[in-house]
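This report concerns only the one structure given below.
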Amino acid sequence: MITSKDNPQFKALKKLIHQPKRSDALMVVEGVHACQLLLKHQGMHHLRIEKVWVGRSALNDREVQSLLLQAQHQNIPVMELDGALFRELSSLEQGISVLFEVQRPAIEPMNFENITGNVVLLDGIQDPGNMGSILRTCAAAGVNEVWLNAQCVNPYSAKVIRAGVGAHFGIRIRENVDLNVAVQALKHNQITVCATTSHGTHNIYQQDLSQPIAWLMGNEGAGLSAELLAQADAALTIPMHLGESLNVASATAVCLFEMLRQQQR
């Protein structure tokens, strides 16, 4: 039981949530559903849970009790907080008060030769909400590989993990990827590289997406770099009645589910 906001462990966790850094060794997973998914896929990503933080009011919830029992089996410390202290940590307006403090996944070296399926490549995505939504869409559409260049937002910040709603643990996220090198490697592997742009030569419904596709998605304001756009096999647009472009997270969803439709057919 922790009762003081001056407790060193509490202060460290609060800083991790509200002032995250890419160099942080830990990340925070919030909410019952996200924590359940983390436990389900823990082995796939070799994730080590350091602590469980729970609000006192959540101790009688059956789903939380199940999480705490699994934590007990792994000898993970459980830290109990009263409601006022937990509200200083949590950003959820509703829901059960539970947080996992977890070792951040290590950055793995890239091996392009083993990639044969669909991939999403992100160029400078900065908004945590967009990043989390894109990762959630990738998981829903069955895209297991998501590659980020060094200009992207930290994919393991608390805001991104919260927006991803557990998607992080069902896909493989590669960080600090040189996308120019990646595109050439994917093309060598016979994977079609499609760039999304408001000035494409034709739209996504005219493109054959039935074979493995690598999608290039660009920064919220500037879009894709000219260099990446020039390397793509196809520059595609999304047809719209009004406006010139969609939010990058929305555009990703439209593209991936059109690809999924064609590949399932």
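Before moving on, here are some points about what is shown:
- The single condition from (1) more than 24 Å from the chain's Cα centre (by Cα); (2) modelled with pLDDT under 90 that GLN190 fails is (2).
- Segments classed as helices (runs of 4 or more DSSP H), wholly inside region 151-255, with at least 2 members that are open to solvent by less than 10 Å² (accessible area, probe 1.4 Å) and under 30 Å from GLN19 (Cα atoms): 158-164
- Cross-chain or 6+ apart pairs with Cβ under 8 Å, region 247-264 first and acidic (Asp, Glu) and at pLDDT 95 or above, then surrounded by 22 or more Cβ atoms within 10 Å (Cβ to Cβ) and not in a helix (DSSP H, G or I): GLU258/LEU209
- So LYS21, is it within 24 Å of GLY170 (Cβ to Cβ), under 24 Å from the mean Cα position of the chain (by Cα) and basic (Lys, Arg): no
Okay, residues lined up against (1) at pLDDT 90 or above; (2) over 14 Å from the mean Cα position of the chain (by Cα); (3) of a type outside the set (Lys, Arg):
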| site | (1), (2), (3) |
| --- | --- |
| LEU85 | no, yes, yes |
| PHE100 | yes, yes, yes |
| ILE125 | yes, no, yes |
| MET131 | yes, no, yes |
| TRP147 | yes, no, yes |
| GLY166 | no, no, yes |
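- Number of the condition not met by VAL143 [criteria: (1) open to solvent by 60 Å² or more (accessible area, probe 1.4 Å); (2) assigned to a loop (DSSP other than H, G, I, E, B); (3) modelled with pLDDT of 95 or more]: (1)
- GLU113 vs. criteria more than 22 Å from GLY170 (Cβ to Cβ), in a helix (DSSP H, G or I), under 24 Å from the mean Cα position of the chain (by Cα) and at pLDDT below 90: yes
- Selection of region 28-75 for residues being over 21 Å from ARG162 (Cβ atoms) and not in a helix (DSSP H, G or I) yields HIS46, LEU59, ASN60, GLN74, ASN75.
- Among the residues listed as GLU93, GLU50, GLU63, the single one being open to solvent by 30 Å² or more (accessible area, probe 1.4 Å) and modelled with pLDDT under 85: GLU93
The values are calculated or read from the model by the stated rules, or taken from the named source; none is laboratory data. The structure displayed is predicted, hence computed values, not measured ones. Backbone-built Cβ (ideal geometry, glycine too); neighbour counts: all protein chains shown. Heads up: the accessible areas ignore ligands, DNA and RNA and are worked out on the full protein's heavy atoms, side chains in. Shrake-Rupley method; radii C 1.70, N 1.55, O 1.52, S 1.80 Å.
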